[in-house]
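Okay, so here's the structure we're looking at.
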Amino acid sequence: MKKRHQQKLLIITLVLGLGFNLPLVLLFDSATSIGGFPLIYVYLFSLWLFASLITLIIVKRYHE
């Protein structure tokens, strides 16, 4: 894998580190619900799904 693709994966890791940081997660800890699910669950699983999909795209497209 080329260095720039490794750098993209590193950036995703850093963004996830910030996204799963407790102060940011607690911003979504409210009584609001979306589709019957608490907002914090929607945030966490959306962030996880987004990161998984972006990682899959990078690895599939640029695998050498």
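On inspection, G35 passes the criterion of being loosely packed, with under 10 Cβ neighbours inside 10 Å and among the small types (G, A, S). If I filter region 38-63 down to residues being surrounded by fewer than 11 Cβ atoms within 10 Å (Cβ to Cβ) and not in a loop (DSSP other than H, G, I, E, B), which single residue comes out as nearest to the chain's Cα centre (by Cα)? For region 38-63, the residue satisfying everything is L49.
Just name the residue that is surrounded by the fewest Cβ atoms within 10 Å (Cβ to Cβ) out of those in region 1-24 that are touching a residue at least 12 places away in the same chain (Cβ under 8 Å) and not in a helix (DSSP H, G or I). Applying the filter and picking the extreme gives K2.
Quick note: the coordinates plus some simple rules give every number you see, no bench work behind them. None of the values given here were measured: they were computed from a predicted structure. Note: ideal-geometry Cβ built from the backbone for every residue, glycine included; neighbour counts use all protein chains shown.
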